[in-house]
Amino acid sequence: MKIAVYAGTFDPITNGHMDIAVRASCLFDQIIIAVARDNNKNTLFNIEERCALVEEAIKGQKNIIVEAFEGLLVDYCKAKGATSIIRGLRAISDFDMEFQMALLNRGLNGGIDTVFLMSDAKYLFISSSLIRTSAELGGDIGDMAPQCVVDALRKKFKNKKQPHRTDILHK
Ligand code: COA
């Protein structure tokens, strides 16, 4: 059984993440979407909410599961019997950091390899923070995130006043 771990903060999961996870699921017997419990990021959604949104987004995907994780990613992979880490590459600017992370993880555990998938062109510019900001300002993010995420963001920002053009002009 070939198991791969797709780790991240997923605050929240986007269509870009989904594209990578679903494509990876065709290459491996099982994909574990591992949601980082504490990643020194001040997250909008807490760990339970982030996992629940992933769970909802992957409904119907037979060989993808979700779990929260903490500590070293390679230790988590080892505990799960995973031999690969999945990473998505969106642009050349992702490369430096990803290269460092892959080498570091390989240094920590030579038995675990990082597999990179190129992001679909549609999702090159998507990130969780851009989606959060767009949703907060009332933007239409329907093409960028699963419906459960669109709904959850709408709920989070429901009581926030949206800026109107006249507000901006009179500043
Ligand atoms: N589509 C859309 N967005 C994507 C994406 C894709 N395919 N791939 C990455 N992103 C975005 C994410 O949404 C995130 O956006 P944000 O910064 O606006 O929130 C950003 O790119 C960074 O994502 P990622 O590189 O996956 O970082 P992360 O913070 O989500 O997760 C961990 C990083 C959890 C994998 C890493 O910190 C880790 O392994 N931690 C465990 C500790 C450890 O082992 N450390 C040693 C190894 S570094």
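Some notes on this structure:
- Listed residue pairs exceeding 24 Å between alpha carbons, taken from Lys80/Lys122; Lys41/Lys122; Lys2/Lys122; Lys59/Lys158; Lys41/Lys156; Lys122/Lys155: Lys80/Lys122; Lys41/Lys122; Lys2/Lys122; Lys59/Lys158; Lys122/Lys155
- CD proxy at 222 nm, helix term only [per DSSP H run n ≥ 4: -39500 (n - 2.57); per residue of the chain; nearest 500]: -12000 deg cm²/dmol
- Span from the the range 100-165 Cα centroid across to the the range 61-98 one, whole angstrom: 16 Å
- Rh by Kirkwood over Cα pairs, then Stokes-Einstein D for the chain at 1.567 mPa s and 4 °C, µm²/s: 76 µm²/s
Values quoted throughout were computed directly from the atomic coordinates according to the rules given, and no laboratory measurement underlies them. Values in this document were obtained by computation on a predicted structure and should not be read as measured data.
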